[in-house]
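*Asks:* Can you keep this structure in mind? I'll have questions shortly.
No lab work stands behind these numbers, since they all come straight from the coordinates. Computed from a predicted structure; not experimentally measured. Every residue, glycine as well, gets a Cβ built from its backbone with ideal geometry; the counts of neighbours run over all protein chains shown.
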Number of protein chains: 2
Amino acid sequence: MAKRTDTPGRLDDAARAGWLYYVAGRTQDEIASTMGISRQSAQRLVSLAVAEKLIKVRLDHPIAACLELGNQLRKKFDLRSVEIVPSDPGSSSTTIGIAEAAAAEIERWLKRPEPIVLAVGTGRTLKAAVDQLPQLECPEHRIVSLTGNITPDGSAAYYNVIFSMADAVKARHFPMPLPVLVTSAEEREMLHSQQLVRSTLEISSQSDVTFVGIGELGIDGPLCVDGFLEKDEMMELMRNGAVGEICGWIFDGDGKLLDNPINERVASAPIPPRDSSTVIGIAKGKRKFKAIRAAIVGRQINALITDEATAEFLLTV
Amino acid sequence: MAKRTDTPGRLDDAARAGWLYYVAGRTQDEIASTMGISRQSAQRLVSLAVAEKLIKVRLDHPIAACLELGNQLRKKFDLRSVEIVPSDPGSSSTTIGIAEAAAAEIERWLKRPEPIVLAVGTGRTLKAAVDQLPQLECPEHRIVSLTGNITPDGSAAYYNVIFSMADAVKARHFPMPLPVLVTSAEEREMLHSQQLVRSTLEISSQSDVTFVGIGELGIDGPLCVDGFLEKDEMMELMRNGAVGEICGWIFDGDGKLLDNPINERVASAPIPPRDSSTVIGIAKGKRKFKAIRAAIVGRQINALITDEATAEFLLTV
DNA sequence: ACCTCCTATGAGTAATTGCCCATGAGCAAA
DNA sequence: TTTGCTCATGGGCAATTACTCATAGGAGGT
């Protein structure tokens with residue numbers, strides 16, 4: 001995953017080829033001859049530009065069906081905002097589409113003139129969204145992570161997105177210098193009382209807008225896959241009615257945070273208050289249906305970015 | 001030009017198809033079967049989405065701005081090619097950046113398989129560019145100098161670049177065995193009628209590509225600094241509207257060669273014909289703004305390598 | 001100095017896309 | 001109803017693009 005930097009000019013070339021191809025609309029043959037390389041090399045540069053996410057495509061048209069679904073959802077659940085993107089029935093990706101839409105929404109918030117605090121959770125979907133962000137300069141804003149950046153084995157949590165975000169967005173950013181899960185409620189108390197952590201928690205509580213992924217439970221869910229919970233712990237949770245999690249905070253089918261030993265060990269900041277702050281959940285996909293519904297009805301989130309299929313499910317239940 | 005709005009659903013479909021194509025990365029065949037239409041219709045929807053600018057493509061890389069500027073310049077002045085490099089506001093160098101870019105361009109030409117004639121002018125910028133060239137073997141090409149290699153005091157002209165070029169590039173090279181300035185139009189006639197000079201002039205007129213610097217006038221400009229003109233001659237020229245020179249050929253603010261005693265004494269080859277040959281000007285910097293602009297509008301050159309700041313100036317005037 | 005491994009490159013080929021044309025449906029005017 | 005026009009459609013085909021494979025060049029290790 002680490003990017004090769006041994007040929008720094010190569011990305012420049014890729015950018016140039018990608019620009020000529022996508023923006024200027026030249027063919028790869030023309031690009032090849034203007035850049036003095038072979039057609040195949042031109043093709044490689046173009047796909048490199050795509051692979052490196054130098055090329056950002058966005059669709060600038062409200063699709064009527066999506067808008068309508070969004071409106072209905074917003075009314076039904078009293079949400080602050082809902083964004084629906086088209087479903088792609090042929091893809092099993094849990095990020096495609098909503099990542100771009102979330103990136104656009106993040107960008108809109110960051111382009112506001114007045115200083116804001118933007119909080120981010122964690123997860124693959126959010127990571128994919130942040131990867132879509134363009135370079136932005138917004139020194140007036142603050143970006144804070146709700147979740148710790150250390151995994152159980154002591155390494156940096158890959159899906160902690162604030163570092164990726166810092167690469168793209170020039171703003172003050174505040175990681176949470178904590179593990180994701182600690183060993184006991186007491187340890188959490190102790191860590192949270194440290195000055196550095198306290199001030200980060202304080203900032204997060206003042207968040208104007210928060211972007212969070214919504215994780216489903218299950219042995220294939222992120223908490224297990226990323227090694228935060230053992231299989232038997234997961235089974236125990238699910239027996240107790242848990243259906244989803246946001247930033248590690250586990251909730252049941254009504255979206256109520258569970259009162260159990262796991263939640264006592266979650267070191268994440270509390271989700272910013274939904275009455276004073278916009279908390280946008282980003283998630284789609286059948287496996288997440290129950291978790292998303294619970295997060296909404298339990299008001300763990302008050303805004304949503306999802307896809308058509310998920311929206312239709314939410315309207316039927 | 002007015003778009004039909006009688007089928008409002010059509011743009012939605014276009015948006016959906018465009019989304020599936022560009023964001024979800026599906027093929028048009030897949031889109032067609034998903035949407036229940038023929039492949040051709042899917043293709044039409046996708047191109048409609050592009051034509052209606054529903055699809056916004058953005059390149060997130062520093063050189064994107066340069067490419068965009070270059071494109072605008074190329075269109076505005078009908079240039080064959082334009083290359084813009086990032087400006088370095090902290091540097092007052094008139095060569096940094098464009099020298100490397102020019103070297104890359106020279107290299108691209110020299111790597112062409114078919115034999116070409118490459119002509120070079122003179123000047124510090126071009127010298128810096130040639131110094132960036134790697135060792136190349138291209139015995140099939142010919143490299144010719146447009147300008148003489150003897151200064152008024154009889155020594156070799158330091159900024160005559162063909163000798164530096166010969167060090168790096170193994171090709172047949174043709175210096176111009178003349179002074180830069182002669183004493184009269186008659187002397188020029190006589191010298192140009194020599195067999196050796198005539199054949200060199202003949203080669204230069206067949207140049208496929210020409211690289212020239214653009215000199216500004218003024219008592220700090222190259223013509224004065226290098227001792228080709230006296231201060232009072234320079235003042236006289238500037239009173240007559242001269243703003244710049246290429247290979248010693250002095251032109252006014254409209255890029256028209258001046259009809260005066262100095263130009264009659266310039267022994268350089270004529271600039272190769274711009275309708276049949278690519279003549280690339282290499283220059284940047286505030287002091288050269290007027291000269292560059294004149295060279296372009298007067299079509300002394302038909303291609304340009306410069307930096308962002310200069311490009312922005314050229315777009316505003 | 002030699003060897004090995006890795007990566008970039010170019011050719012060939014399959015897949016995909018863009019374009020032109022003939023056709024026919026829809027619609028307005030006669 | 002007929003006529004004439006426009007425009008979407010789908011087939012066919014040429015152009016363009018993506019992928020696979022074998023090879024060459026170069027860095028790094030022995």
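*Asks:* Rounded, prolate or oblate: which fits region A:177-216 when a ≥ b ≥ c are the square roots of the eigenvalues of the alpha-carbon gyration tensor, with rounded for a/c under 1.5 and prolate only if a/b beats b/c? Please list the in-between numbers first.
*Replies:* On the way: a/c = 2.98, a/b = 1.23, b/c = 2.43.
It comes out oblate by the Cα gyration axes.
*Asks:* Scan around residue B:136 for amide H atoms under 5 Å from its own, H built in the peptide plane at 1.01 Å from N, and keep only partners 5 or more places away or cross-chain.
*Replies:* Under 5 Å from the amide H of residue B:136 lie the amide H atoms of B:169, B:170, each far enough along the sequence or on another chain.
*Asks:* In percent, what relative contact order does chain A have, based on Cα pairs under 8 Å that are 6 or more apart in sequence?
*Replies:* Numbers: 580 pairs, mean separation 58.9, N = 317.
In percent, rounded to a whole number, it is 19.
*Asks:* Amide H of residue A:143 versus every other amide H placed in the peptide plane: which residues, excluding those fewer than 5 positions away on the same chain, fall under 5 Å?
*Replies:* A:118, A:172, A:173, A:174
*Asks:* Using a Gaussian network for chain B with springs between C-alpha atoms less than 10 Å apart, which of these wobbles most: B:149, B:160, B:260?
*Replies:* Sorting by GNM fluctuation, first place goes to B:260.
*Asks:* So, by mean Cβ neighbours within 10 angstrom, what's the order for B:302-308, B:227-233 with the highest one leading?
*Replies:* Working: B:302-308: 24.4, B:227-233: 14.7.
Ranking the peptides B:302-308, B:227-233 by packing returns B:302-308, B:227-233.
*Asks:* Against the 2.2 N^0.38 Å scaling, with N counting residues, where does region A:8-51 land? I'd like the Cα-based Rg ratio to two decimal places.
*Replies:* Working: Rg = 8.8 Å, N = 44, 2.2 N^0.38 = 9.3 Å.
Taking the Cα Rg and dividing by 2.2 N^0.38 Å, one obtains 0.95.
*Asks:* Something else about it: From the square roots a ≥ b ≥ c of the eigenvalues of the alpha-carbon gyration tensor of region B:129-260, which class results: rounded (a/c under 1.5), prolate (a/b over b/c), or oblate? List each step's numbers first, then the result.
*Replies:* On the way: a/c = 1.88, a/b = 1.54, b/c = 1.22.
Prolate.
*Asks:* Each residue of region A:22-33 in turn: what ³J(HN,Hα) in whole Hz from Karplus with 6.51, -1.76, 1.60 and θ = phi - 60°, glycine and Pro shown as x?
*Replies:* With coefficients 6.51, -1.76 and 1.60, one gets 8, 8, 7, x, 7, 7, 5, 5, 5, 4, 4, 6 Hz.
*Asks:* Here is a follow-up. Helix-only estimate, please: 222 nm mean residue ellipticity of the protein assembly as shown, summing -39500 (n - 2.57) across DSSP H runs of length 4 or more and dividing by its residues, to the nearest 500. Write down the numbers at each step before the final one.
*Replies:* Details: 28 runs with 258 residues, N = 634.
Roughly -11500 deg cm²/dmol at 222 nm, from the helical runs in the protein assembly as shown.
*Asks:* In nm, what does the list of distances from residue B:264 to its counterparts in the other copies look like, shortest first, when each label sits 7 Å along Cα to Cβ?
*Replies:* Label-point separations across copies, in nm and ascending: 10.4.
*Asks:* State, to one decimal in nm and shortest first, how far the label point of residue A:47 sits from each corresponding label point in the other identical copies (label point: 7 angstrom along Cα-to-Cβ).
*Replies:* Going from nearest to farthest copy, the values are 2.5 nm.
*Asks:* Please give me the summed charge of the neighbours of residue B:56: other residues whose Cβ is under 9 Å from its Cβ, Lys and Arg +1, Asp and Glu -1. Can you show the working numbers first?
*Replies:* Working: positive: A:56, A:58, B:53, B:58; negative: A:60.
Spelling it out: positives minus negatives among the neighbours equals +3.
*Asks:* Give me the net charge for the shell around residue B:292: Cβ to Cβ below 9 angstrom, other residues only, Lys and Arg +1, Asp and Glu -1.
*Replies:* Working: positive: B:284, B:288, B:290, B:293; negative: B:216.
Local charge sum for residue B:292: +3.
*Asks:* Then there is this: Shape of region A:86-151 from its Cα gyration tensor (a ≥ b ≥ c, root eigenvalues): rounded if a/c is under 1.5, otherwise prolate when a/b > b/c, or oblate? Intermediate values should be presented prior to the final figure.
*Replies:* Working: a/c = 2.91, a/b = 1.47, b/c = 1.98.
Here region A:86-151 falls in the oblate category.
*Asks:* Work from the charge dipole of region A:64-316 (Cβ charges, +1 for Lys and Arg, -1 for Asp and Glu, about the Cα centre) and give the residue of A:121, A:217, A:89 farthest towards its positive end.
*Replies:* A:89
*Asks:* Jot down the radius of gyration and Dmax of region B:188-317, Cα atoms only, both in angstrom.
*Replies:* Considering region B:188-317 through its Cα atoms, Rg and Dmax are 14.9, 47 Å.
*Asks:* Further question: With θ set to phi - 60° and the Karplus curve 6.51 cos²θ - 1.76 cosθ + 1.60, what are the ³J(HN,Hα) couplings of region B:243-253 in order, to the nearest whole Hz, using x for Gly and Pro?
*Replies:* 10, x, 8, 10, 6, x, 6, 9, 10, 8, x
*Asks:* May I pose another question? Taking the label point 7 Å from Cα in the Cβ direction, how far apart in nm is residue A:198 from each other copy of itself, listed shortest first?
*Replies:* Output for residue A:198: 9.6 nm, nearest copy listed first.
*Asks:* If I model the protein assembly as shown as equal point scatterers sitting on the Cα atoms and use the Debye formula, what is log10 I(q)/I(0) at q = 0.11, 0.12 Å⁻¹?
*Replies:* Taken in order of the listed q values, log10 I(q)/I(0) reads -1.02, -1.12.
*Asks:* Per the Kirkwood formula on distinct C-alpha pairs, the Rh of chain A is how many angstrom? It would help to have the intermediate numbers written out before the result.
*Replies:* Numbers: mean 1/r = 0.0482 Å⁻¹.
Its Kirkwood hydrodynamic radius stands at 20.7 Å.
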